[in-house]
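**Student:** Have a look at the structure that comes next, please.
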Amino acid sequence: MMTGQSVGEKGSVVLKEFKEFALKGNVLDMSVGIIIGAAFGKIISSIVSDILTPPLGLLLGRVDLASLFISLSGKHYASLVEAKAAGAATINYGLFLNNVLDFLIVAAVLFLVVTWANKLRRQPAIATPGDRECPECLSRVPLEAKRCAFCTSPLYPT
């Protein structure tokens, strides 16, 4: 189907649309968040591997968690590096445990950040003579409302 545009004109339209999309505020905010998140992930990985797992390994009998593995080839290897050098198939459960610990710490920190941000966003409900509190969600709604605008519960005259 012919639209009357040349290939060069179509390309500039697409480029213009992409530029508008890329420069929207939420796209830029998201990209900054992803970059900061990646850097944050590296910091958490360093905390886990360099600070938390050495004392944990000491408590477990001077074991480096990252070097724990099971060789599937049937041969015994002194270390994970030796097994990998020999090309042996291994189950690296120590590295898996480190990654689980990474995840749990990131999840806990994100939970704390989101909880803190939600507390900052909450604004105290200011009672006015023309509204009342929803008995279900405790939001402020107009006196004349028949349903809560927040939780859609029916509101009965008081």
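Bear in mind that the values in this text are calculations on the coordinates, not laboratory data. As the structure is a computational prediction, the values presented were derived from the model and not from experiment. Backbone-built Cβ (ideal geometry, glycine too); neighbour counts: all protein chains shown.
**Student:** From the phi angles alone, apply the Karplus equation (6.51, -1.76, 1.60; θ = phi - 60°) to region 54-71 and give each ³J(HN,Hα) in whole Hz, x where the residue is Gly or Pro.
**Tutor:** These are the phi-based 3J(HN,Hα) values: x, x, 5, x, 5, 5, 8, x, 6, 10, 8, 4, 5, 9, 6, 7, 10, 7 Hz.
**Student:** Here's another thing I want to ask about it. Order these by the 10 Å Cβ neighbour count, fewest first: Y93, Y156, Y77.
**Tutor:** Y156, Y93, Y77
**Student:** At q = 0.21, 0.26, 0.28 Å⁻¹, what log₁₀ I(q)/I(0) does region 44-118 have when each alpha carbon counts as one equal point scatterer in the Debye sum?
**Tutor:** Summing over Cα pairs of region 44-118 leads to -0.91, -1.11, -1.17.
**Student:** Pairing the Cα long axis of helix 93-121 with the longest principal axis of the chain, what angle in degrees results, from 0 to 90 and rounded to the nearest 10?
**Tutor:** The angle comes out at about 20 degrees.
**Student:** Check T90: other-chain or 5+ apart residues with amide H under 5 Å from its amide H, H built from backbone geometry?
**Tutor:** For T90, whose amide H was placed from the backbone, the distant partners under 5 Å are L72.
**Student:** Can you work out the Karplus-derived ³J(HN,Hα) for every residue in region 138-155? Use 6.51 cos²θ - 1.76 cosθ + 1.60 with θ = phi - 60°, whole Hz, and x for glycine or proline.
**Tutor:** 6, 7, 7, 10, x, 4, 7, 5, 9, 9, 6, 6, 9, 10, 6, 5, x, 10
**Student:** Where does the chain land at 222 nm, in deg cm²/dmol rounded to the nearest 500, when only DSSP H runs of n ≥ 4 count, each adding -39500 (n - 2.57), divided by all residues?
**Tutor:** Taken over the chain, the calculation gives -17000 deg cm²/dmol.
**Student:** OK, next. Taking the Cβ of each residue in L72, L80 as the centre, tally the other Cβ atoms inside 10 Å and list the residues starting with the fewest.
**Tutor:** L72, L80
**Student:** Give the range of the longest stretch in the chain that excludes all GluC sites (Glu not before Pro) found in loop regions by DSSP and having at most 14 other beta-carbon atoms within 10 Å.
**Tutor:** Counting at most 14 other Cβ atoms within 10 Å as exposed, the longest clean stretch of the chain is 1-135.
**Student:** Please list the radius of gyration and Dmax for the chain, considering alpha-carbon atoms only, with Å as the unit.
**Tutor:** Spelled out, the Cα radius of gyration and Dmax of the chain are 28.5, 80 Å.
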